[in-house]
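Contents: one structure, followed by commentary.
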Amino acid sequence: MQAKKRYLLLFSCCAFLFFGYFGYHHFKVHRQSRWHQHLSSYSEESDLLHDEDISPSPGFRTRFRTRRRSSSGGGSSRGVGGGDGTDLRGANEAVDIRSDGVETRDCRMENCFDFTLCEQGFRVYVYPVDENVPPSTSYQKVLSVIQDSGYYTSDHSKACLFVLSLDTLDRDTLSKDYVRNMPNRIQRLPLWNNGQNHIIFNLYSGTFPDYAEDLGFDVGRAILAKASIAYENFRPGFDISLPLFHKTHPERGGEDGYMDSNKFPGTKKYLLSFKGKRYVYGIGSETRNSLYHLHNERDIVLLTTCKHGDSWKEYKDERCDHDNAEYDRYILYTFLSCP
């Protein structure tokens, strides 16, 4: 009888340890797989889209609406394509289907980023520079800032994030900084792994006159940090929208600024003002075509003109005449400065 009690007690202890261990393991895995869902995101997929702003010129508007119908299930095939079966994706939009069924254009942090590589801390590895294709001055500034930071590591086995030394900032084929044969160069990288845990920086893409978002290579599962990225190509909670900075932008800031006053609210008549060209097609057009939503003619004055280049009339939309008139009126009567 005593032996039965001892065996029963031993079995109970083993069962308790078994359930305790696997219960903790399940909780740990569940917690690791869920925490990233609480990361801040400033873009929601349900945000309201204005077709007339995203694709201003008739040709681009027709193509964009076709792409939206196709991607929402209204088309005859999965993905992005035209009614004639033409694939409308740029090279950076090529669809890669992983073994788990996830398409790279559906990438989010939870399905395309390996968090286990970050268990030793957030460390960033920069690939060695290829002497045959040295980076431009602008991209070298980006690499230098990373390498001089406390997050940099020269040991790729300790890295959480990987940065290419191949210059991807300017992907305009007419640019002197354009790196050719990029697909083959990237595929030869031993740690590429279809871009997982990599980040790619880009400021310019495409070329005249469309400036389509064609990087000339497939980013795969890499995070794309890009300026003037179209909403249709942006992967919320994964990609990063960058401001466009000039090539002469300093690598580091200068002296501290000086504040003349500490009055709040401000006493200035205009809270925000902007004047510039409204590119009716190509890169940056989505943003500038949406500025009129903020223009209230009181404390926020955002002026744009369609007059850009010799062929702007060929691409003008229904707002151009009104915007040109508003631009000229404000410049002449409100913001005119005389010596």
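The values are calculated or read from the model by the stated rules, or taken from the named source; none is laboratory data. Owing to the predicted nature of the structure, the values given are computational and were not obtained by experimental measurement. Ideal geometry is used to build each Cβ from the backbone, glycine not excepted, and the neighbour counts take in all protein chains shown.
Among all residues of region 258-266, there is none that is outside the structural domain of Ile146 (by TED's automatic domain parsing), under 30 Å from Lys226 (Cα atoms) and either modelled with pLDDT of 85 or more or part of a loop (DSSP other than H, G, I, E, B) (or both).
Taken over region 218-255, the criterion of being of a type in the set (Gly, Ala, Ser), farther than 15 Å from Asn197 by Cα, in the same structural domain as Asn193 (by TED's automatic domain parsing) and over 8 Å from the mean Cα position of the chain (by Cα) is satisfied by Ser228, Ala230.
Only one entry in Arg185, Arg180 is over 18 Å from the mean Cα position of the chain (by Cα) and not in a loop (DSSP other than H, G, I, E, B), namely Arg185. With respect to the stated conditions, Gly282 fails to be at pLDDT 80 or above and on the phi > 0 side of the Ramachandran plot. Does Asp130 satisfy being assigned by TED's automatic domain parsing to the domain that holds Gly220, in contact with a strand residue (DSSP E or B) (Cβ under 8 Å, 6 or more places away or on another chain) and not hydroxyl-bearing (Ser, Thr, Tyr)? Against the criterion (assigned by TED's automatic domain parsing to the domain that holds Gly220, in contact with a strand residue (DSSP E or B) (Cβ under 8 Å, 6 or more places away or on another chain) and not hydroxyl-bearing (Ser, Thr, Tyr)), Asp130 does not qualify. Leu191 meets each of the listed conditions (1) in contact with a strand residue (DSSP E or B) (Cβ under 9 Å, 6 or more places away or on another chain); (2) on the phi > 0 side of the Ramachandran plot; (3) surrounded by fewer than 17 Cβ atoms within 10 Å (Cβ to Cβ) apart from (2). Only one of the listed residues (Phe274, Phe238, Phe234, Phe217) is surrounded by fewer than 19 Cβ atoms within 10 Å (Cβ to Cβ), under 30 Å from Cys107 (Cβ atoms) and either at pLDDT 80 or above or in contact with a strand residue (DSSP E or B) (Cβ under 7 Å, 6 or more places away or on another chain) (or both). That residue is Phe234.
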